[in-house]
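One structure below.
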Amino acid sequence: NDVNLFFERLHPDDVENVHRLVATHFAGVSEFYRCDFRLRGADGSYKWIHGAGRLIERDHAGKPLRMVGIHVDIDERKLADELLRTTEEEFRTMFELAAVGNAQGDPETGCFTRVNRKFWEITGYTEQELLGMTYTDITHPDDRDRDAAEIQKVLAGKTTAWSIEKRYVRKDGQIIWATVNGTVIRRDGRLY
């Protein structure tokens, strides 16, 4: 029958999950079932499908007889999601393992939102300590105004990036010089 054919065409890794969701629905636990799965086409390749369905008729003994539902091809969306996930993983790896200090911050507050291990080593602070601080907190007092002025130019859209030599005050009080290069990320006209 059609149900057996459907389950035969499911990707082996998806069979158990789809069986469980449909059985839960048939048992009356859920009003309908909904899930993503891979379905084999006539050419033998698998496509991602979003399926949703509902039991509409049972026989006199309560056995499921008829269902209605939809299957929507979501293959392109799944591929795009995978590409995005891979890109994010690559960025995270490059950010974390860079041989230079990397930091991201909130443009409105100046607070660090992400820092890599090399940045911890440069400043002498732990990740948790830095995430509670602003770039001003670790900038030498004599360099703060010049640093803030450069950042404001970028935030105001007068330039796309800044580069400045400045001093950091490490946690142990030691003063170190660093070349800092920065930019802002804009998305839909908003700063990130």
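Structural remarks
- In the stretch 154-177, residue farthest from Thr134 (Cα to Cα) [restricted to those that are touching a Phe, Trp or Tyr at 6+ places or on another chain (Cβ under 7 Å) and not aliphatic (A, V, I, L, M)]: Glu165
- Cross-chain or 6+ apart pairs with Cβ under 9 Å, the stretch 155-178 first and without any contact (Cβ under 8 Å) to a residue 40 or more places away in the chain and under 14 Å from Asp143 (Cβ atoms), then open to solvent by 40 Å² or more (accessible area, probe 1.4 Å) and of a type in the set (Phe, Trp, Tyr): Glu165/Trp177; Lys166/Trp177; Arg167/Trp177
- Asp145 being of a type outside the set (Ser, Thr, Tyr), free of Cβ contacts under 8 Å to residues at least 12 places away in the same chain and in contact with a strand residue (DSSP E or B) (Cβ under 9 Å, 6 or more places away or on another chain): no
- Total residues in the stretch 22-72, condition open to solvent by 70 Å² or more (accessible area, probe 1.4 Å) and of a type in the set (Ser, Thr, Tyr): 1
- Of note, Gly124 does not satisfy the criterion of being at positive phi, free of Cβ contacts under 8 Å to residues at least 60 places away in the same chain and in contact with a helix residue (DSSP H, G or I) (Cβ under 6 Å, 6 or more places away or on another chain).
- Extreme residue, farthest from Asp2 (Cα to Cα), among residues of the stretch 73-94 that are among the hydroxyl-bearing types (Ser, Thr, Tyr) and either in contact with a helix residue (DSSP H, G or I) (Cβ under 6 Å, 6 or more places away or on another chain) or open to solvent by 60 Å² or more (accessible area, probe 1.4 Å) (or both): Thr93
- Here Thr113 meets each of (1) open to solvent by 80 Å² or more (accessible area, probe 1.4 Å); (2) assigned to a helix (DSSP H, G or I); (3) at pLDDT 90 or above; (4) not charged (D, E, K, R) with one exception, condition (2).
- Within the option set Glu108, Glu82, Glu76, being under 23 Å from the mean Cα position of the chain (by Cα) and under 30 Å from Ile138 (Cβ atoms) holds for one residue only, Glu108.
- Close pairs from the stretch 67-88: first in contact (Cβ under 8 Å) with a residue 40 or more places away in the chain, partner surrounded by 11 or more Cβ atoms within 10 Å (Cβ to Cβ), Cβ under 7 Å, at least 6 apart: Lys78/Trp48
- The set of residues in the stretch 1-21 being among the β-branched types (Val, Ile, Thr) and open to solvent by less than 50 Å² (accessible area, probe 1.4 Å) consists of Val15, Val18.
- Consider the stretch 128-157 and keep the residues that are among the polar types (S, T, N, Q) and not in a helix (DSSP H, G or I). The one that is least open to solvent (accessible area, probe 1.4 Å) is Thr139.
- Between Val180, Val169, Val184, the distinction of being modelled with pLDDT of 95 or more and either β-branched (Val, Ile, Thr) or open to solvent by 70 Å² or more (accessible area, probe 1.4 Å) (or both) belongs to Val169 only.
The values are calculated or read from the model by the stated rules, or taken from the named source; none is laboratory data. All figures in this text were calculated on a predicted structure; none of them were measured in a lab. Quick reminder, even Gly has a Cβ in these numbers, built from the backbone with ideal geometry, and neighbours come from all protein chains shown. Each accessible area value is taken on the protein alone, full model and side chains, heavy atoms only, with ligands, DNA and RNA left out. Shrake-Rupley method; radii C 1.70, N 1.55, O 1.52, S 1.80 Å.
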